[in-house]
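Participant: Can you read through this structure? Questions will come right after.
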Amino acid sequence: MSILISNREVANNVYLLTVEGNYQGAIGQFYMLRAWGNYPVLSRPISIFNREEGKIQFLYKVFGEGTGFISRLKPGDEIGLEGPFGNGFPHIERKVAMIGGGIGIAPFYYAAKQMPWADVYLGFGQEPYLVDEYKEVAANVVVNVGGRVLDELDVDVYDAIFVCGPHGMMHATYEKAKFSKADVYVSLEKRMACGVGACLVCSVICQNGNKRACADGPVFLATEVNFDAENGL
Ligand code: FES
């Protein structure tokens, strides 16, 4: 078990959790978090927001019982972290756009630290959060509140586009960029149970059959994903 340093509400129902310890993890990878006994049964997969000497951070939104439980933890409380899991985003030393929608902004803080030449696009439905923090680590930050952050994106400028957010936003990014030179990478959020590829709860319908978001992803080239079949789920 690890010890909480802080658990700060940065917007309505959105929390930045800081946990003590030296943890591994690449951009776009996630940990399974657990702070309870037998119920709720499943640990919660949450992507890495930031990690540095002596601490790791997770940005999460309260969706149900597990995240609700985590949101009530206080500094000094214990939490279980298993991971890192998943493949993560590639490191690309060319022109990169990172597009986050809502809580989907989470992986792009650490990503911008690793690739500070990237342009970061943050889309919020209502209340923006942590924008100043992103501006400290990214060369260029574009913020959209209440509209479509994708409308701000000129796809022809980029060699790679990373997207994390609502399924419709990832599909729309793929459609917008599919005739450009940019490779589009999407991070798919799926319900997870084991987190290590054993239970198949997190299946993603791909062009060549099903894959597992936890073990084969959560990051996929958008060309791999069968969005039409996924949209029907
Ligand atoms: Fe079990 Fe992905 S969560 S296979």
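Participant: Can you name the condition, by its number, that Val225 falls short on among (1) farther than 28 Å from Gly66 by Cα; (2) touching a residue at least 24 places away in the same chain (Cβ under 8 Å); (3) more than 16 Å from the ligand (Cβ to nearest atom); (4) of a type outside the set (Phe, Trp, Tyr)?
Facilitator: Here Val225 clears every test but (3).
Participant: Sort out which residues of the range 81-123 are farther than 23 Å from Asn13 by Cβ, open to solvent by 20 Å² or more (accessible area, probe 1.4 Å) and not in a loop (DSSP other than H, G, I, E, B), and write them in order of number.
Facilitator: Answer for the range 81-123, where residues must be farther than 23 Å from Asn13 by Cβ, open to solvent by 20 Å² or more (accessible area, probe 1.4 Å) and not in a loop (DSSP other than H, G, I, E, B): Glu82, Gly83, Pro84, Phe85, Lys113, Gln114.
Participant: Identify, from the list Glu189, Glu230, the residue that is of a type in the set (Asp, Glu) and part of a loop (DSSP other than H, G, I, E, B).
Facilitator: Exactly one of Glu189, Glu230 is of a type in the set (Asp, Glu) and part of a loop (DSSP other than H, G, I, E, B), namely Glu189.
Participant: Let me ask another. Could you please tell me which pairs satisfy a Cβ distance under 9 Å, a separation of 6+ or placement on different chains, a first residue in the range 179-193 that is closer than 16 Å to Leu33 by Cβ and among the acidic types (Asp, Glu), and a second residue that is open to solvent by less than 40 Å² (accessible area, probe 1.4 Å) and within 16 Å of the ligand (Cβ to nearest atom)?
Facilitator: From residues that are closer than 16 Å to Leu33 by Cβ and among the acidic types (Asp, Glu), the pairs are Glu189/Ser47; Glu189/Ala213; Glu189/Pro218.
Participant: Right, something else. Which residue is most open to solvent (accessible area, probe 1.4 Å), if the candidates are limited to the range 65-80 and must be out of contact with any helix residue (DSSP H, G or I) (no Cβ under 9 Å at 6 or more places or on another chain) and in a strand (DSSP E or B)?
Facilitator: My answer is Glu78.
Participant: What residue, of Val204, Val141, Val184, Val163, is within 10 Å of the ligand (Cβ to nearest atom) and not in a helix (DSSP H, G or I)?
Facilitator: Val204
Participant: Separate question: Give the range 170-197 a look and list any residue that's farther than 26 Å from Val149 by Cβ and open to solvent by 80 Å² or more (accessible area, probe 1.4 Å), or say none.
Facilitator: The one that is farther than 26 Å from Val149 by Cβ and open to solvent by 80 Å² or more (accessible area, probe 1.4 Å): Val196.
Participant: So Gly64 clears everything in (1) over 15 Å from the mean Cα position of the chain (by Cα); (2) in contact (Cβ under 8 Å) with a residue 40 or more places away in the chain except one condition, right? Which one?
Facilitator: (2)
Participant: A follow-up question, please. Can you tell me which residues in the range 207-221 are in contact with a strand residue (DSSP E or B) (Cβ under 8 Å, 6 or more places away or on another chain), open to solvent by 70 Å² or more (accessible area, probe 1.4 Å) and more than 14 Å from the ligand (Cβ to nearest atom)?
Facilitator: Residue satisfying the conditions is Gln207 alone.
Participant: Condition first: small (Gly, Ala, Ser) and modelled with pLDDT of 95 or more. Now tell me which residues in the range 147-164 satisfy that.
Facilitator: Once the filter is applied, which keeps residues that are small (Gly, Ala, Ser) and modelled with pLDDT of 95 or more, the range 147-164 yields only Ala160.
The values are calculated or read from the model by the stated rules, or taken from the named source; none is laboratory data. From a predicted model like this one, the values you see are computed outputs, not experimental measurements. Cβ coordinates were reconstructed from backbone atoms using ideal geometry, including for glycine residues, and neighbour counts include every protein chain displayed. Calculation scope for accessible area: heavy atoms of the full protein, side chains included, ligands and nucleic acids excluded. Shrake-Rupley method; radii C 1.70, N 1.55, O 1.52, S 1.80 Å.
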